[in-house]
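Participant: Before I ask anything, here is the structure I am working with.
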Amino acid sequence: MEKLTGLNKLKTAIFISGTGSNFNNLIKFSKIKKTPISINLVISNVYNAKGLRYADQINIKKKVFNFKDIKDTEKKILILLKKEKIDFICLAGFMKILSKDFIQKFNGKIINIHPSLLPKYKGLNTHRRAIANKDKFVGCTVHYVTEKLDSGKIIMQKKIKVTAKDSVASLAKKVLKQEHKLYPAAIMKIFN
Ligand code: GRF
């Protein structure tokens, strides 16, 4: 993709459902000089998602949708994305599955971070499954979003060694720390 500088930063929406540590981290990344993105919108399916507070801190527009009627919700989201001139979407702990139609409208412009070394452990409880399988390494992956869950082309991955002392909680902590490095690095990789 073309190199983005100064005025033509990519208008980005972040989709979250929970604590939003990746969202907060991407906000920080969007403020550094060499960043290719500006964050203009945060969308959530959870009204009291903790991460939404980061939007208040820096005055980013936030919008919550209940997703009861997925088709109708996606229609509303698409209108909002158009209105805000959003051209890039980062899913960051977003727990809803977007439809094929929605993804096609943003083809190649939606990315996600997942707490495993994909293609291993798509879906939930990645660290629990890694421990149950006595894996020697865990990790995180940034990938393009396609209609198949956690299956799009991998942009970047970080491998982390599992030690004998590790638990699900310790792995979650270690992996999340690496996610905060990996997500900005993957965005840099796409646009530079
Ligand atoms: C992260 O582990 C991410 O990989 C997964 O959900 C978690 C979100 O954490 N998809 P946070 O809300 O960014 O703190």
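Every read-out reported here was derived from the displayed coordinates using simple, explicitly stated rules and does not represent laboratory data. All of these numbers come straight from a predicted model, not from anything done at the bench. Reconstructed Cβ throughout: ideal geometry from the backbone, glycine too, with neighbour counts over all protein chains shown.
Participant: Quick one: what Rg and Dmax do you get for the chain from the alpha carbons, in Å?
Facilitator: Reported Rg and Dmax, both Å: 16.4, 51.
Participant: Could you state the angle between the C-alpha long axis of helix 70-83 and the longest principal axis of the C-alpha atoms of the chain, as a value from 0 to 90 degrees rounded to the nearest 10?
Facilitator: 60
Participant: Could you give the length gained on full extension between LYS120 and LYS75, defined as 0.36 nm per residue of separation minus the Cα-Cα distance, in nm?
Facilitator: Numbers: separation 45, 0.36 × 45 = 16.20 nm, distance 3.23 nm.
Stretched fully, the LYS120-LYS75 segment lengthens by 13.0 nm.
Participant: Using 1/(1 + (r/R0)^6) with R0 = 30 angstrom and r between the beta carbons of LYS68 and LYS33, what's the FRET efficiency to the nearest 0.05?
Facilitator: Details: r = 42 Å, r/R0 = 1.40.
After rounding to 0.05, the efficiency reads 0.10.
Participant: As a quick test, which of the pairs LYS9/LYS120; LYS71/LYS153; LYS71/LYS177; LYS75/LYS174 have an alpha carbon distance above 30 angstrom in this structure? Don't jump to the answer; show the numbers that get you there.
Facilitator: Working: LYS9/LYS120 33 Å; LYS71/LYS153 26 Å; LYS71/LYS177 35 Å; LYS75/LYS174 37 Å.
Violating the 30 Å limit, Cα to Cα: LYS9/LYS120; LYS71/LYS177; LYS75/LYS174.
Participant: If amide H atoms are built 1.01 Å from N in the plane of the peptide, which residues on other chains or at least 5 residues away come under 5 Å of the amide H of VAL42?
Facilitator: Amide H neighbours of VAL42, under 5 Å, 5+ apart: ILE14, LYS61, LYS62, LYS63.
Participant: In nanometres, what is the gap between the two model label sites at LYS83 and PHE191, each 7 Å from Cα along Cα-to-Cβ?
Facilitator: 2.4
Participant: Residue by residue through the stretch 171-177, what is 3J(HN,Hα) from phi via Karplus (6.51 cos²θ - 1.76 cosθ + 1.60, θ = phi - 60°)? Round to whole Hz and write x for glycine and proline.
Facilitator: Using θ = phi - 60°, the values come out as 5, 4, 5, 4, 5, 4, 4 Hz.
Participant: Of the beta bridges DSSP finds with both residues in the stretch 87-192, what % are antiparallel, to the nearest 5?
Facilitator: On the way: 11 of 14 bridges.
In the stretch 87-192, DSSP labels about 80 percent of beta bridges as antiparallel.
Participant: Taking amide H positions as placed 1.01 Å from N in the peptide plane, with prolines and chain starts having none, which residues 5 or more places from VAL162, or on another chain, fall under 5 Å of its amide H?
Facilitator: Amide H neighbours of VAL162: PHE137, VAL138.
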